[in-house]
Amino acid sequence: MHYDDKKLIGVDLGGTTIKFAILTAEGEIQEKWSLRTNILDEGSHIVPDIIDSINHHIDLYKMSKDQFIGIGMGTPGTIDLAKGTVKGAYNLNWKTTQNVKDQIEEGTGLKFALDNDANVAALGERWKGAGNDGDDVAFITLGTGVGGGLIANGELIHGLGAGGEVGHMIVQPNGYLCTCGNHGCLEQYASATGVVHIAQDKAEEYEGNARLKAMIDNGDEITSKIVFDLAKENDFLANEVVNQVAFYLGLACANLADALNPEFLVIGGGVSAAGNFLLKRVEKNFQEFAFPTVRTTTQLKLAELGNDAGVIGAASLARRFA
């Protein structure tokens, strides 16, 4: 069988859903499916469920193991790349070290590689999305937290393990308390929860009439999407919130780009669904804060792959087995 005919399997492991895909060696998705993540019993069902699902679907599609180059996976938590282990993935209930690589290789008979979920999404966007397969691409994902993946000279930056933790750059000294224990991390200002936090604080100070203020005062549930939708309808308070978020994000992007000067700085994740409405304002702050040469060379872009970034990037990890 030619290399061209060989397939990759990508797995995107999240706290609520496990997404799977079978892709060509060129990164085109051919089949995809998903499972609910069962985090009960210290997350001990997760790896067996992944093994069973992969084996089942290879049979279902009447394929054989020798058609596959390997499996790649993105996961939350701290990764030991050499050993293929994960620890501290609290949203999976994985408190202790999990020997993921050994178990999955044994259970499927296929080679396996893994990395942090934000790194993997960065690889996906770099390969098939907004990164145009470039060698220097930075990726920020704005979800319930803020993650990042940094690619320099064609390689992910891991540092000594925590490379790419852009969500924990300090953008407001002595600011909001972060789950990491520090104050003022980007994650507390540009994540979905951060947007709501800013909205609640601003609503308290705001004296005028605004739908957003009325909703918050009324105890209605507020989401980042509601804030952006109201801002698009010219709600004054909602626009103030978006401006604040764009300020912190533009500042962080400028500092990141000054350090790395990537070709593309890609913004993805749920909050980025606000699209150009958000990007334009981030760009304005980026232009103000970035080093002059960086301003004219690094391009800010919205992510293009949506939910598929994870499985595509994960699959790219397995290409090295070819």
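The values are calculated or read from the model by the stated rules, or taken from the named source; none is laboratory data. Predicted, not measured: the structure shown is a model, and the values here were computed from it. Cβ sites come from the backbone with ideal geometry, for glycine too, and all protein chains shown count toward neighbours. Remember, those area values only see protein heavy atoms, side chains included, never the ligands or the DNA or RNA. Shrake-Rupley method; radii C 1.70, N 1.55, O 1.52, S 1.80 Å.
Solvent-accessible area per residue in the stretch 241-298 equals 41 Å², computed with a 1.4 angstrom probe and all protein chains kept. For the chain, the residue among V100, I29, T144 whose Cα projects farthest onto the positive side of the dipole built from Cβ charges is I29.
Rounded to the nearest whole Hz, the Karplus-based 3J(HN,Hα) values (6.51 cos²θ - 1.76 cosθ + 1.60, θ = phi - 60°) of the stretch 166-182 follow the sequence 5, x, 10, 5, 7, 10, 9, x, 6, x, 3, 6, 9, 4, 7, x, 8, with x at glycine and proline. Charge dipole (Cα centre; +1 on Lys/Arg Cβ, -1 on Asp/Glu Cβ; no other charges) of the chain amounts to roughly 300 debye. For K284, the accessible area of its heavy atoms, probed at 1.4 Å with every protein chain present, is near 140 square angstrom. For the stretch 154-215, the fraction of alpha-carbon pairs lying more than 18 Å apart is 49 percent, rounded to a whole number. Applying a threshold of 23 Å to the alpha-carbon distances of K7/K128; K32/K62; K32/K232; K7/K87; K101/K128; K62/K83 flags K32/K232; K7/K87; K101/K128; K62/K83 as lying beyond it. When the P(r) of the stretch 28-105 is calculated, the portion above 17 Å amounts to 50% of the C-alpha pairs. Computed over protein heavy atoms with a 1.4 Å probe, the carbon and sulfur contribution to the accessible area of the stretch 151-285 reaches 48%. The distance from the alpha carbon centre of the stretch 237-257 to that of the stretch 101-166 is 24 Å, rounded to a whole number. Can you give me the Cα centroid spacing of the stretch 179-220 and the stretch 36-82 in angstrom? The stretch 179-220 and the stretch 36-82 have Cα centres separated by 38 Å.
If you wrap the stretch 112-174 in the convex hull of its Cα atoms and look at it from every side, the mean projected area works out to 5.4 nm². Each helix, a run of at least 4 DSSP H residues, gives -39500 (n - 2.57); summed and divided by the residues of the chain, these come to -12000 deg cm²/dmol at 222 nm.
Of the listed residues W94, W33, the order by accessible area with a 1.4 Å probe, largest first, is W33, W94. When only the Cβ of Lys, Arg, Asp and Glu is charged (+1, +1, -1, -1), the dipole of the stretch 101-170 relative to its Cα centre reaches about 120 debye. Axis of helix 276-289 versus longest Cα principal axis of the chain: the two differ by about 70°, to the nearest ten degrees. Taking every DSSP beta bridge that has both ends in the chain, the antiparallel portion is near 60%. The C-alpha atoms of the chain define a longest principal axis, and helix 46-60 lies at about 60 degrees to it. Take every pair of alpha-carbon atoms less than 8 Å apart whose residues are at least six positions apart; their mean separation over the length of the chain yields a relative contact order of 21 percent. Projected onto its three principal axes, the C-alpha set of the stretch 191-300 covers 47, 24, 20 Å, listed from the longest axis down. In a Debye calculation with equal point scatterers on the alpha-carbon sites of the chain and no solvent, what is log10 I(q)/I(0) at q = 0.09, 0.11, 0.12 Å⁻¹? These q points yield log10 I(q)/I(0) values of -0.49, -0.71, -0.83. Between F236 and K62, the modelled labels are 6.7 nm apart [label points 7 Å from Cα along Cα→Cβ].
Computed over the stretch 1-96, relative contact order equals 29 percent, with contacts defined as Cα pairs under 8 Å that lie 6+ residues apart.
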